[in-house]
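Student: Encoded as structure tokens, here's the structure I'll be asking about.
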Amino acid sequence: MKKKTVHQIILHVMLLAALILVVLPMVYMVSTSLKPNGALYEYPPRFLPSTDEITLENYRYIMGEGKFYLNFLNSVVVSCACVVIAAAVAAALGYVLARFSFPGKGMLFGFIVLTMIIPGLTLIVPQYELAVKLKAINTLGGLIPFYVAWTIPYSTFMIKGFVEGIPRELDEATYMDGGSVFQVFGKIIVPLAKPGIASVSIFNFLTYWEEFPWANTVLNDNLKRTMPIAISGFFGQHQFTQWGYVFALSVFSLLPILIVFICCQRYFVAGLTTGSVKG
């Protein structure tokens, strides 16, 4: 057996082992969500439920009596609104920083990079005081502006790299044809930087969808809470954790993430490679 073949076999075995480690928790989560709550504490435990044991009771509860579809809709509204706003602001700011020279440009970019290294938890107290003054407590409006502010620095930094990779000759050609700065941005920069904007938006969506500390601080009404807070509400409830509901709601919350990755996979891969190298 050739040495190269042995290396390939070892590589495939390692990849298969890694795949199993990643997939098994997902399979267990789905299988547990299909079991009745009483079956979760059986001994010896079973990884997969038996055919006659499979039930949709947990899903009926979270969609019906629990009304967790409202928490799902809250997360969808907040995440989608933040993605659109952050993409628009960061794309415009990245374009300005990449194409124009003005006093304080270096200081502005340095400040943007500096804000990326500040731990988010250290800002909760001043942000809460600001939210109180803005009367944004216990409203979805208390999430959107703060979420956008968190992701603007990273988004701008990444999109700036994409814009710098677009030839300036395209801008100049548009100017020579009588185009304006806004036309260059809308017809040249945005279409060509679409992979970068899309990949950044995917990361941002995951950040908004999974964020817990700030949403748990601002939102008090159960019907206004987002999915991570709804899931955490089952832990320790009635002196024990209702794992069937937890896993059913977790499966439900994974659907948008899977849809985003499936639909935007090509942009995600392009964003990991294209924006990292200029020229």
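Student: Out of Ser101, Ser79, report the one residue that is within 30 Å of Ala230 (Cα to Cα), assigned by TED's automatic domain parsing to the domain that holds Val251 and of a type in the set (Ser, Thr, Tyr).
Tutor: Ser79
Student: Here's a follow-up. Only one residue in Val83, Val96 is assigned to a helix (DSSP H, G or I) and touching a Ser or Thr at 6+ places or on another chain (Cβ under 7 Å), so which one is that?
Tutor: Result of the check over Val83, Val96: Val83.
Student: Name every residue in region 152-186 that is more than 18 Å from Val96 (Cβ to Cβ) and part of a helix (DSSP H, G or I), in order of residue number.
Tutor: Passing the criteria: Glu169, Ala173, Met176.
Student: In addition: Say we look at region 126-150 and pick out the residues that are within 21 Å of the chain's Cα centre (by Cα) and outside any helix (DSSP H, G or I); which of these is surrounded by the fewest Cβ atoms within 10 Å (Cβ to Cβ)?
Tutor: Thr139
Student: Go through (1) under 26 Å from Pro256 (Cβ atoms); (2) surrounded by 15 or more Cβ atoms within 10 Å (Cβ to Cβ) one by one and return the number of the condition Leu123 breaks.
Tutor: (1)
The values are calculated or read from the model by the stated rules, or taken from the named source; none is laboratory data. Values in this document were obtained by computation on a predicted structure and should not be read as measured data. We place every Cβ from the backbone using ideal geometry, glycine too, and count neighbours over all the protein chains shown.
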